[in-house]
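Have a look at this one before I ask anything.
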Amino acid sequence: MVNNLQETHLNRARASLRQALSWYANLRKPGMSAADVELAGVVKPELEILNTVLSKLERHLVKIAAFGLVSRGKSAVLNALLGQKVLQTGPLNGVTQYPRSVQWVPSDKIQVELIDTPGIDEIGGDVRAQMARDVAQQADLILFIVAGDITRTEYQALVELRKSQKPLILVFNKIDLYPDTDRETIYRNLQLLGAGNPLEQPLQPDEIVMVAAEPAPIEVRVEYADGMVNYEWETPPAQIEDLRQTILKILNREGRSLLALNALLQARETEARIAKKTIDLRSEQAENLIWQFTKYKALAVALNPVVILDVAAGAIADLTLIRSLAKLYGLPMTGYQASKILQTILFSSGGLLLGEVGTSIIFGVGKSAAAIASGDNPVNLTAFASSAIAQGAIAGYGIYTVGKAAQVYLENGCSWGQFGASTVIKEILSQVPKDTILFRLRQELVEEYRI
Ligand SMILES: Nc1nc2c(ncn2[C@@H]2O[C@H](COP(=O)(O)OP(=O)(O)OP(=O)(O)O)[C@@H](O)[C@H]2O)c(=O)[nH]1
Ligand SMILES: [Mg+2]
């Protein structure tokens, strides 16, 4: 992918995360109310996640996680990539018990964290699933290690992992154990894996790589100069170059965009959790606030006889409501941000503004005329009242909708504003070139996140 484009994606993601963090920053300020202290305590873990995600982004740190069943050689594959035996390997099942990370610097510009995991079939049910999900969520790229034809459990695990919508390389390890023909047959079987549902998107040829991370020693016949013949055990070197090249190719082509997208997806989910917690704490107050503003605006607009003031007063009420809601939810917001949000809401709620301005003018003019004429004619006073009630009702409905929309917006962690995570995700996905893994993932992401 064009480097500039990748850089743009990184910058946009960084801006979005910084904005999110600064919006929630007031939760950490001293001198806040008891209610805010409670809220700050509740959302602390989420703020920490946002900080971690941002620092990962700033360090350009790519995380690659290895998954697979026990003894397939997950630890051995990571060691082979590292070029040294850092992680423990062994013939017994369950050598690796907990996820473990090691640093890998495959080229001077790229920093990678390799994450080793226990065999998916090793730890018990729920714990295993949750741990796998946690690691998969952090990872930017997944290596799924198999060592031959795959079992049913392996297939299910693979399908499950693909749901995380991360780029995935299927690593066929221990090829030293198979004669060439068997190896080719297995390779073809692996390629056919995605042909039917539920894997949906079949794996592409470059997403399956054959390696021998820790080849078994072989017996070699050694003939010495004096004619003596001996049989000795020799360990062949690891065959890992194809995998290293595949990873580097992906990282160079789209590593930074993957990083950006992943950070945004994590941010979005985290912001949604913050919002959910906040809403749960403050929902009743928010509902009351919206109703108060609805009544106030309906009345103010109805009683105001001057057309243009209706519209202005209406907008001020909308903005005040948005800012009050933001305050209630613990989001600092400037008048400018509130007006941006109001614009977004009015724009996306299908001409609500036009409706309000339109009715303001139609009823408002009638109302103003009626007010002018009402001096000596009681019929006109009735005309004023009916225009006023109609306009007041519409304005009331308008602000109620704005209030509700603002509530949803704030509940979503403000994720659809200009720098909102959703907007930036959408932007990145709309720009990825055709030859990338991101492009192939795009369809699934669009469906999954309804963006
Ligand atoms: N023949 C052969 N054996 C391998 C290869 N890679 C790993 N092994 C062996 O397979 C066994 C398991 O390797 P590990 O790397 O510990 O496997 P793992 O998937 O990390 O296993 P757990 O941590 O127990 O889940 C070890 O005895 C390795 O020596 C390979 O390429 N060829
Ligand atoms: Mg291991």
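Which ranges mark the strands (runs of 3 or more DSSP E) fully within the range 75-154 that have 3 or more residues being within 30 Å of Thr436 (Cβ to Cβ) and away from ligand 1 (no atom under 12 Å from the Cβ)? Walk me through how you get there before you give the answer.
Numbers: elements: 100-107, 110-116, 141-146.
Correct list: 100-107, 110-116.
Among the residues of the range 64-86, which ones are open to solvent by 20 Å² or more (accessible area, probe 1.4 Å) and within 23 Å of Ala157 (Cα to Cα)? Before the answer, list the steps.
Residues of the range 64-86 that are open to solvent by 20 Å² or more (accessible area, probe 1.4 Å), as a first pass: 71-72, 82-86.
Listed by number, the residues that qualify are Ser71, Arg72.
Can you find a residue in the range 33-44 that is basic (Lys, Arg), over 30 Å from Pro433 (Cα atoms) and at pLDDT 75 or above? So that I can check it myself, show each step before the final result.
Quick first cut of the range 33-44, residues basic (Lys, Arg) only: 44.
Filter once more, so that each one left must be over 30 Å from Pro433 (Cα atoms): 44.
Then drop every residue that is not at pLDDT 75 or above, which leaves 44.
Yes, because at least one residue in the range 33-44 is basic (Lys, Arg), over 30 Å from Pro433 (Cα atoms) and at pLDDT 75 or above.
Please specify each residue of the range 55-74 satisfying the condition of being in a strand (DSSP E or B), out of contact with any Ser or Thr (no Cβ under 7 Å at 6 or more places or on another chain) and more than 7 Å from ligand 1 (Cβ to nearest atom). It would help to see each step written out before you state the result.
Within the range 55-74, the first condition is being in a strand (DSSP E or B), and the residues that meet it are 61-68.
Now drop any that are not out of contact with any Ser or Thr (no Cβ under 7 Å at 6 or more places or on another chain), which leaves 61-64, 68.
Passing the criteria: Leu61, Val62, Lys63, Ile64.
Out of everything in the range 211-223 that is surrounded by fewer than 19 Cβ atoms within 10 Å (Cβ to Cβ), aliphatic (A, V, I, L, M) and part of a strand (DSSP E or B), what residue ends up being farthest from ligand 2 (Cβ to nearest atom)?
Applying the filter and picking the extreme gives Val222.
Another question about this same structure. Pick from the range 87-106 the residues that are open to solvent by less than 60 Å² (accessible area, probe 1.4 Å) and in contact with a helix residue (DSSP H, G or I) (Cβ under 7 Å, 6 or more places away or on another chain): which of them is farthest from ligand 2 (Cβ to nearest atom)?
Per the stated criteria, the residue is Pro106.
Now for a different question. Scan Val70, Val112 and give me the residue that is within 10 Å of ligand 2 (Cβ to nearest atom), of a type outside the set (Asp, Glu) and touching a residue at least 40 places away in the same chain (Cβ under 8 Å).
Numbers: Val112 fails: within 10 Å of ligand 2 (Cβ to nearest atom).
Checking each option against the conditions leaves just Val70.
Another question, then. Quick one: would you say Ala157 is crowded, with 17+ Cβ neighbours inside 10 Å and at pLDDT 90 or above? Lay out the reasoning, then the answer.
Details: crowded, with 17+ Cβ neighbours inside 10 Å: yes; at pLDDT 90 or above: no.
No: the conditions fail for Ala157.
The values are calculated or read from the model by the stated rules, or taken from the named source; none is laboratory data. Because the structure is a prediction, the values reported are computed rather than measured. Heads up, the Cβs are rebuilt from the backbone with ideal geometry, glycines too, and the neighbour counts pull from every protein chain shown. Note: areas computed on protein heavy atoms with side chains; ligands, DNA, RNA excluded. Shrake-Rupley method; radii C 1.70, N 1.55, O 1.52, S 1.80 Å.
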